[in-house]
Structures are given as C-alpha cells and as structure tokens.
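All remarks here apply to the structure that follows.
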Amino acid sequence: MTSIFLVVRGTLLNFSADGAQLKRWVGPQQIVGINDALVGGTWQSLGIAHGPLDMVAFSFESLQAALGKIPSGHRALLNELIGAPVVQQS
C-alpha cells in the first residue's frame, strides 16, 4: 500500500475484500484507506466508483513519518481507537 485517498467529488462504494458486502459509501471530503494503512498496510476492501469520481492521493510513507513523530501517549490513544495492538517503545 503506497497511498491513502481523499474523495474530492463523487462517491466511492467500499466493499468487503471479496466484493460480497457493501461496507460504506465514501463521499466528498472523506478519506479512504486510512484504516487499512494504520492496521498493517494492506487493502482490506474493494473500492468502486459510483459515477464520476475525483480523488487525491496522499503518500502512506508521509503518514507513517508523521505518526512516528507524535507523542507516545497520543500514539497509544490512536492505537486504541483503531483497535491496533499497543506496542511499547523503549
């Protein structure tokens, strides 16, 4: 995974990885891929444009670098919110 995406215009249908279940509609000013990026860097779903769609890609590496600079207390809260295991740093 190299990017996360901001929907600028239109709608993206976000399905389960096997395409069997609609998980959510992603509309303007919503981000897609952030959960996938934060829990291991692999896509957990399938996105299909619903009509015309404009999106902006943001570098996952830049996101990782920014997250690496936040205080450990904030990182622990973020991990708890997304359900990721808390890793103790020395």
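Structure summary
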item	result
5 angstrom amide H check on Gln30, placed H, neighbours 5+ away	Val7
Phi to ³J(HN,Hα) by Karplus 6.51 cos²θ - 1.76 cosθ + 1.60 over segment 44-52, Hz, x for Gly, Pro	9, 8, 10, x, 10, 5, 10, x, x
Principal-axis tilt of helix 72-82 within the chain, Cα atoms, nearest 10 degrees	40 degrees
Test item: Cα-centred dipole of the chain, Lys/Arg +1 and Asp/Glu -1 on Cβ, debye	140 debye
Largest-first ellipsoid semi-axes for segment 1-48, taking √(5λ) over the Cα gyration tensor eigenvalues, angstrom	16, 15, 7
The chain, helix-only ellipticity at 222 nm - DSSP H runs n ≥ 4, -39,500 (n - 2.57), divided by all residues, nearest 500	-7500 deg cm²/dmol
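Read-outs: derived from the displayed coordinates by stated rules, not from any lab. Computed from a predicted model, the values in this text were never measured in an experiment. No Cβ is skipped: glycine too gets one built from the backbone with ideal geometry, and neighbour counts run over all protein chains shown.
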